[in-house]
Amino acid sequence: MVDRGRDPARTGGVPPRGRNSGLADVARSEVSLRSFLLGLPGVDQVGAELRAAGLGARSIKAAAKLWAIDTAISMVDLTTLEGADTPGKVRALCGKARRPDPADPGVPPVAAICVYPDLVPFAKAALAGSPVKVASVATSFPSGRACLPVKLADVADAVAAGADEVDMVIDRGAFLAGHYGVVLEEVQAVKESCGPARLKVILETGELVTYDNVRRASWIAMVGGADFVKTSTGKVSPAATPPVALVMLEAVREFADVSGTAVGVKVAGGVRTTKDAIKYLVLVNEVAGEAWLEPDRFRIGASGLLNDLLMQRYKQRRGAYAGSQDFSVE
Amino acid sequence: MAPRFVYAPAPESRAVVNLRPSYGLFIDGEFVEPIDGGQFKTENPSSQEVLAEVSSAGLADVDRAVRAARRAHEEVWGPMPGRERSKYIFRVARILQERSRELAVLESLDNGKPIKESRDVDVPLAAAHFFYYAGWADKLAYAGLGPGPKPLGVAGQVIPWNFPLLMAAWKLAPALATGNTCVLKPAETTPLSALLLAEILQQADLPAGVVNIITGAGDTGAALVAHPGLDKVTFTGSTEVGKQIQRRLAGTGRRLTLELGGKAANIVFEDAPLSQAVEGIVNGIFFNQGQVCCAGSRLLVQEPIAESVVEALKRRLETLRLGDPLDKNTDIGAINSSTQLDKIRALAASGEAEGAQRWSPSCTLPERGYWFPPTLFTGVVPAQRIAREEIFGPVLSVLTFRTPDEAVEKANNTTYGLSAGIWTEKGSRILHMAARLRAGVVWANTFNRFDPSSPFGGYRESGFGREGGRHGLEAYLEGSLDG
């Protein structure tokens, strides 16, 4: 197994993870990785779900709601991942990303556009000069069922086309078979291929099923060099859920405590309403802490959510709902 | 640095509650003026604002209430078939649900508890108790107490201020289902939700005299439990008063159930699900500001993880939101009374004086009202008062242990025995520990969870008798589950 901590050059100048915390030892062998993961405290399902539901009952009103809506907009990874995607569709989405509400320049741009690798050049061109990043899924998204060289070629293609961020999928089959080292090595290899691009590691929690698995997979991703851990591809149900986000937010907080490196969290799939988005912001605030309340550390992968955020923003500011045709549909 | 995400105030509206300036006693289906009692005021403990004037029942009033209950038992409620009784009880349950918001707001106003608790715990559980026991009313022959178990007659019921409506439900629902009639005495500082319940009983057309609700202070309660016209006395409250009642009733032949204090151990093993254990510790001791008889007030944590658990607890306590009980985002409300606040302050001071280390998160207490910050004591040893006496406030004493046997020994080293908690991922250890803990309720990987179908009650100085479940029927019927 590759020990990333030993060779800073291979990580593109990024300081090795956990140099002074013993985390480098975790990745030293299959045995050390396995005993580390199985030694993590368990997650009690009932308790985790109760806590997430409790935080979901927070009541966010007035100025707090306005702040939350604008913050959520700035955290959206506006996504289209369909077989039917075309350059035209992507350009339309990029227009929306730069300026979500043409009638109101006060609306912040979204964080990123998320597309398949072959559409990265079109997104890049459409977003030139804007702060909006281009994220590309890769590694044989969404199933990840390909050999490593194919996955790495997929990553290299996206990065060469100008992707600022790469959303990879982990090998869930390897994870569920207990081959944690295989999962880690893939994350490490992809991180290397990313070069300067930031890496989001999709766990596909709907296929991992248990919260214990979510926690372990989060740690593998973080030790492997993830800049973000991400819940889902959006192609599997259930996608993001509040308790899954809770477990991942706890993991990134603990990882930051141990390693000094802050990893972000991205929830993707199933976040459709402003109410849902605000619930996630409350989770971020009270579980990971307010330092995670920025687009560098928290993202929401969605498509339909953005118009609901705009609609609620309009309502909060003007006291009446806008019509569904008042916002553009891409 | 200023916080980024400041939750704007989100208060539940008070408009839903229709407070009267003064309340009489609820006797024989009517609100009446006291004969030989007086008036007292009940206040909002979070602001010290007077909410209403309430009547205090004197000896003649107590007597009138017991007679009304006796008449109702003999003429109406006793002879009524169980299936008919159940209809009334179901109706009460449904009205509780329909008026749940009103009840929750009133409970938070009078008690000081956060609206999220009155809304999500107290009121729904109260309704659930009526639903549960309504279902038993026509099935008593199958309760394991013989083919035709008979009601005892008239029950005198004295309840505390920590869960005013819920305790009324715990007392009334099984008594009514089994064919008994009741005289209920709510606590002096929290009479209002019981008086609203009286209105709900009227709305449900419950026959006159079946439930009588008489308000007042300790002397009213003492007069009630000593009344010779009762067949049954149930009391939930302090161990000290419980002992007085037991002495008073000795030799009278009247049945007694006592649900008293506690000093529960919440035991966290090194293999526990730590994040959830931290939540459980917080819920165990800060739920209802720790004013819970089964609160997990002694944290027993295994030494290898003691430091990290305390650190995680401190981090978590920093996120607790203390303030206006009616704000939907409030986690910690007000202490119920100045008397209780004084008691908590005195015990916390003893903890410091006896050498334990005191810690509270940085939170500002409101200027008016009765408030105490969430408080942790570390470095606690078993010989300190804060490790032995019930504080009944948001104060957690942290102790450590090394082995399961030591945990059992320390957990049982108390005069109480109401509840306990075990946190471990090892199922066999849960069973091993539960069998050895002398506590009426043992929670595994959770704490302070209640259900009407689950019996609740204590060992030793925590009292005797069970409330809830099939066992809860036994307290109001002739015969016993053992025989």
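I'd like to know if the range B:60-77 contains one or more residues that are within 14 Å of chain A (Cβ to nearest Cβ) and surrounded by fewer than 21 Cβ atoms within 10 Å (Cβ to Cβ). No: the range B:60-77 contains no residue that is within 14 Å of chain A (Cβ to nearest Cβ) and surrounded by fewer than 21 Cβ atoms within 10 Å (Cβ to Cβ).
Go through the range B:183-240 residue by residue and tally those that are among the hydrophobic types (A, V, I, L, M, F, W, C), part of a loop (DSSP other than H, G, I, E, B) and within 22 Å of B:Ala173 (Cβ to Cβ). Walk me through how you get there before you give the answer.
Residues of the range B:183-240 among the hydrophobic types (A, V, I, L, M, F, W, C): B:183-184, B:187, B:192, B:194-198, B:200-201, B:204, B:206, B:208, B:210-211, B:213-214, B:217, B:222-226, B:230, B:233, B:235.
Next cut, part of a loop (DSSP other than H, G, I, E, B) only: B:187, B:204, B:206, B:208, B:210, B:214, B:217, B:226, B:230.
With the extra rule that they be within 22 Å of B:Ala173 (Cβ to Cβ), the set shrinks to B:187, B:204, B:206, B:208, B:210, B:214, B:230.
Result for the range B:183-240: 7.
Among the residues of the range B:22-43, is there at least one that is more than 14 Å from every other protein chain (Cβ to nearest Cβ) and closer than 18 Å to B:Leu322 by Cα? Among the residues of the range B:22-43, not one is more than 14 Å from every other protein chain (Cβ to nearest Cβ) and closer than 18 Å to B:Leu322 by Cα, which makes the answer no.
Applying the set (1) among the aliphatic types (A, V, I, L, M); (2) loosely packed, with under 14 Cβ neighbours inside 10 Å; (3) away from chain A (no Cβ under 14 Å); (4) closer than 28 Å to B:Thr364 by Cα to B:Leu51 leaves exactly one unmet item: (2).
Hey, does the range A:300-313 have a residue that's modelled with pLDDT of 95 or more and surrounded by fewer than 17 Cβ atoms within 10 Å (Cβ to Cβ)? No: zero hits. Of the set (1) assigned to a helix (DSSP H, G or I); (2) free of Cβ contacts under 8 Å to residues at least 24 places away in the same chain; (3) not hydrophobic (A, V, I, L, M, F, W, C), all apply to B:Gly148 but (1). Of A:Gly88, A:Gly54, A:Gly47, A:Gly95, all but one fail to be crowded, with 21+ Cβ neighbours inside 10 Å and either outside any loop (DSSP other than H, G, I, E, B) or within 14 Å of another protein chain (Cβ to nearest Cβ) (or both); the exception is A:Gly47.
Inclusion of A:Ile220 among residues that are part of a helix (DSSP H, G or I), more than 13 Å from every other protein chain (Cβ to nearest Cβ) and in contact (Cβ under 8 Å) with a residue 40 or more places away in the chain is warranted. Which residue is nearest to A:Ala226 (Cα to Cα), if the candidates are limited to the range A:278-330 and must be touching a strand residue (DSSP E or B) at 6+ places or on another chain (Cβ under 7 Å), more than 14 Å from chain B (Cβ to nearest Cβ) and not in a helix (DSSP H, G or I)? Top of the filtered list is A:Arg299.
Taking the condition part of a helix (DSSP H, G or I), touching a Phe, Trp or Tyr at 6+ places or on another chain (Cβ under 8 Å) and not assigned by TED's automatic domain parsing to the domain that holds B:Asp122, does B:Arg438 pass? Show your work before the answer.
On the way: part of a helix (DSSP H, G or I): no; touching a Phe, Trp or Tyr at 6+ places or on another chain (Cβ under 8 Å): yes; not assigned by TED's automatic domain parsing to the domain that holds B:Asp122: yes.
No, not satisfied.
When the residues of the range B:241-275 are filtered to those that are polar (S, T, N, Q), free of Cβ contacts under 8 Å to residues at least 40 places away in the same chain and outside any loop (DSSP other than H, G, I, E, B), the one that is farthest from B:Gly457 (Cα to Cα) is B:Ser275. In the range B:378-393, the residues that are assigned to a loop (DSSP other than H, G, I, E, B) form Cβ pairs under 6 Å with partners that are charged (D, E, K, R), at six or more places apart or across chains, as follows: B:Gln384/B:Glu354; B:Glu390/B:Lys263.
If you go through the range B:310-337 and keep only what is of a type in the set (A, V, I, L, M), surrounded by fewer than 22 Cβ atoms within 10 Å (Cβ to Cβ) and within 13 Å of chain A (Cβ to nearest Cβ), you end up with B:Ala312, B:Leu320. Give me a count of the residues in the range A:103-126 that are assigned to a loop (DSSP other than H, G, I, E, B) and under 22 Å from A:Asp154 (Cα atoms). The qualifying residues number 1.
In summary, B:Ala8 fulfils each of the numbered conditions (1) more than 22 Å from B:Ala168 (Cβ to Cβ); (2) more than 14 Å from every other protein chain (Cβ to nearest Cβ) with the single exception of condition (2). Scan (1) without any contact (Cβ under 8 Å) to a residue 12 or more places away in the chain; (2) farther than 15 Å from A:Ser218 by Cα; (3) assigned to a helix (DSSP H, G or I); (4) not β-branched (Val, Ile, Thr) for the single condition A:Glu254 breaks and write down its number. The single condition A:Glu254 does not satisfy is (2).
So which residues in the range B:360-376 are modelled with pLDDT of 95 or more, over 16 Å from B:Val268 (Cβ atoms) and of a type outside the set (Ser, Thr, Tyr)?
At the first step, the residues of the range B:360-376 found to be modelled with pLDDT of 95 or more are B:360-361, B:365-376.
From the residues that got through so far, the ones that are over 16 Å from B:Val268 (Cβ atoms) too are B:360-361, B:365-375.
The answer is B:Pro361, B:Leu365, B:Pro366, B:Glu367, B:Arg368, B:Gly369, B:Trp371, B:Phe372, B:Pro373, B:Pro374.
Out of everything in the range A:60-82 that is within 18 Å of the chain's Cα centre (by Cα) and not in a strand (DSSP E or B), what residue ends up being farthest from A:Arg313 (Cα to Cα)? Here the answer is A:Leu81.
When restricted to residues that are in contact with a Phe, Trp or Tyr (Cβ under 6 Å, 6 or more places away or on another chain) and among the small types (Gly, Ala, Ser), the range A:286-325 contains 1.
The values are calculated or read from the model by the stated rules, or taken from the named source; none is laboratory data. This one's a predicted model, so the numbers in the text were calculated from it and none came from an experiment. With ideal geometry, Cβ positions are generated from the backbone for all residues, glycine too; neighbour counts draw on all protein chains shown.
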